[in-house]
Each structure stands twice: as structure tokens, then as C-alpha cells.
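Asker: The structure is given below, and queries will be raised subsequently.
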Amino acid sequence: MESTEEPSTPFGTFTAQSNKLQRQYQALLDKSTPFVLYRWAGTAVGLFIFFIRVFIAQGWYIVAYALGIYLLNLFLAFLQPKFDPSNEAIDNDMEDGAVGSLPTKQDEEFRPFIRRLPEFKFWHSATRAVAISFVCAWFEIFNVPVFWPVLVMYWIMLFVLTMRKQIQHMIKYRYVPFTMGKARYNKNSS
């Protein structure tokens, strides 16, 4: 697979080493895929350490706010279906009034819930964002003086409004993005 030929230029050496590191990183990601709970626990620990850093240093509130907005954006993409039923409602005939609902007849097609942002990509992006925020919290250039209670209140308002809109969308088009509470069927049941 790998060539035994040494790269002749410094750029070729750099490219070969960066490709090797990318393969090792991807292999590590591939091995971590089945361990959902441990991955999220690691991200939560990293987020906790970041918030401890912000609390002790009494600064870098803009970095924390930007991280919060980014994580909210990722969470919303995680909750949304890949194929938005409201867009399909505009495209399709709306004569029967059952646009975006679950199938009610035997001949209707069942369409499972497919996330716009899969769980693994959500975790990976969130973990990278926490790591980048932690690094930014050590550079004085990112320590912009702000009145942090305003940022907290604004983030809470933004969270409540966007989640209300998302929940209304979920109710209107009758989809549940979580598997908890859904019926599970065995292969043996008829």
C-alpha cells in the first residue's frame, strides 16, 4: 500500500506526514464510533474544564457565548429532519391536507426520520468547538470586555425562542427526533 520511495522535496515530505497523521486521526475516530456514551462524556468533561477556565479567569465571555451559539446551532441541526416536511409541503399538492404526516393507509410510503446532522458529526463538531474555545481562552486577544449577564440573558432568550419554534415544527409535522419512548418490534413478533 505505502510506497517505500522517499519524497524528494520538503513539500512532499510535509504532505506525506500530514496524510499519515490524517489517516491515524481517522482510524481513531472510526474506533470511537460505537462508544457513544464515552464520547459524549469526554466532550462534557472538556466543556466543564472550559467553563472552569472561564470562571476562574473571569474573562473570555465572548468565546463562551460564541461556543454556546455554535452548540445551539449544532443541536438544532441535530433535531431537524434531513428532508424538511415544510419544504415538501410547498412542492407537493396540498389538496388532501395530510402533508408531512405519518402514513395512514397500507399503500402509503413510510419514511423514517433521518437527521440533518447525524449524531457522530454532531459530537465531532461539538468536541472540536470545545477544544478550539479552550485554546482561545488562553489568548488575551479573545478576552473582549463585555457585561456577561447580558450575553447570558440573550443566549437564554435565543435558546427558548428557537426551541419553541423547533417544537412547534415537530408538532405540526408530527415527527419525533428521539428513539426514546418509541415502540420497538422484535423480528419474531408477527
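Asker: Could you sort 61-72, 43-54 so that the peptide with the highest average Cβ count within 10 Å comes first and the rest follow in order?
Answerer: On the way: 61-72: 18.5, 43-54: 15.6.
With the highest mean Cβ count within 10 Å placed first, the list reads 61-72, 43-54.
Asker: Return the long-range amide H neighbours of Arg115 (sequence gap of 5 or more, or a different chain), with a cut-off of under 5 Å between placed amide H atoms.
Answerer: Excluding prolines and chain starts, which carry no amide H, the hits are Lys82.
Asker: Within the accessible area of segment 131-172, what % is carbon and sulfur when the probe is 1.4 Å and the other protein chains stay in place? Please report the intermediate quantities before stating the final value.
Answerer: Values: 2790 of 3430 Å².
That fraction is 82 percent.
Asker: Excluding Gly46 itself, what net charge comes from residues whose Cβ is under 15 Å from its Cβ, given Lys and Arg +1 and Asp and Glu -1?
Answerer: +3
The values are calculated or read from the model by the stated rules, or taken from the named source; none is laboratory data. Because the structure is a prediction, the values reported are computed rather than measured. Cβ sites come from the backbone with ideal geometry, for glycine too, and all protein chains shown count toward neighbours. What goes into the accessible areas is simple: the full protein's heavy atoms, side chains included, and nothing from ligands, DNA or RNA. Shrake-Rupley method; radii C 1.70, N 1.55, O 1.52, S 1.80 Å.
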